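First up is the structure itself, then whatever we jot down about it.
The values are calculated or read from the model by the stated rules, or taken from the named source; none is laboratory data. Just so it is clear, the structure is predicted and the values come from calculations on it, not from any experiment. Using ideal geometry, Cβ is built from the backbone for each residue, glycine included, and neighbour counts are taken over all protein chains shown. Side chains are part of the model used for accessible areas, which takes the heavy atoms of the whole protein and leaves out ligands, DNA and RNA. Shrake-Rupley method; radii C 1.70, N 1.55, O 1.52, S 1.80 Å.
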Amino acid sequence: GFTGQLFGLHGRAVNEADPMRYRMYRYAKRNNPIVWYGESWIDRTRPIVVVEGPFDVASVLRVYDNVTCPLFVNPSLDKIKRMSDALEWITLYDRGKGGDTGRAKVTRALHRDHLVHHLEPPKGRKDPGVMSVQELTDVLSPYVQLIANNACFAASSQ
């Protein structure tokens, strides 16, 4: 929260074979209804890339620094409105039903007065958290100006 109190924790196992891949600890039986991860560093005058979770944010940060997430794919309309002063949104949600639901919700909430692009990971990749630097570059470069020198990440993240 804004005062430093822990309201919940999201995480996922690094090993994809882990049977309890996703872990979520809620506060008062709810996800955080307001705060966006990365909200404090977002420049709302530039296009924002919106992903589902912190692992996806970490992955996209390798190529683009104006990335945030609502901490799950289907935030409330109030939570979307909280970030609505950013007029250009690029969603990069997971492939599948959850991502489809999230894309539809963003479209409904922002379709009138925002520029919204819905992107997906390339075929064979479920989410941005497992995309390589080159894959992220290929998907995002038509829409945003990428970090100029991301070559240091390329060798370690392919």
Counting only protein heavy atoms and rolling a 1.4 Å probe, one gets per residue an accessible area for region 52-154 in Å² of 47
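Test of understanding: what is the full-extension gain from Asp65 to Ala17, defined as 0.36 nm times their sequence separation minus their Cα-Cα distance?
Values: separation 48, 0.36 × 48 = 17.28 nm, distance 3.00 nm.
Working it through step by step, the gained length comes to 14.3 nm.
Compute the convex hull volume of the Cα atoms of region 104-143, divide it by the residue count, and report the result per residue in Å³ as a whole number. Don't jump to the answer; show the numbers that get you there.
On the way: hull volume 3.3 nm³, N = 40.
Taking only Cα atoms, region 104-143 has a hull volume of 82 Å³ per residue.
At 1.4 Å probe size, with the rest of the protein present, what percent of the exposed accessible area of region 47-109 is carbon and sulfur atoms?
Values: 1280 of 2210 Å².
Answer for region 47-109 is 58 percent, counting heavy atoms of protein chains only.
Would you tally the net charge around Arg62, using a Cβ to Cβ cut-off of less than 12 Å, leaving Arg62 out, and scoring K and R as +1, D and E as -1? Show your work: numbers first, answer last.
Numbers: positive: none; negative: Asp56, Asp65, Glu135.
Its environment carries a net charge of -3.
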Ordering 95-105, 125-135, 81-91, 64-74 by per-residue average of other C-beta atoms within 10 angstrom, highest first, gives 64-74, 125-135, 81-91, 95-105
Lys123 and Lys81 label points (each 7 Å along its Cα→Cβ direction) are spaced in nm at 4.1
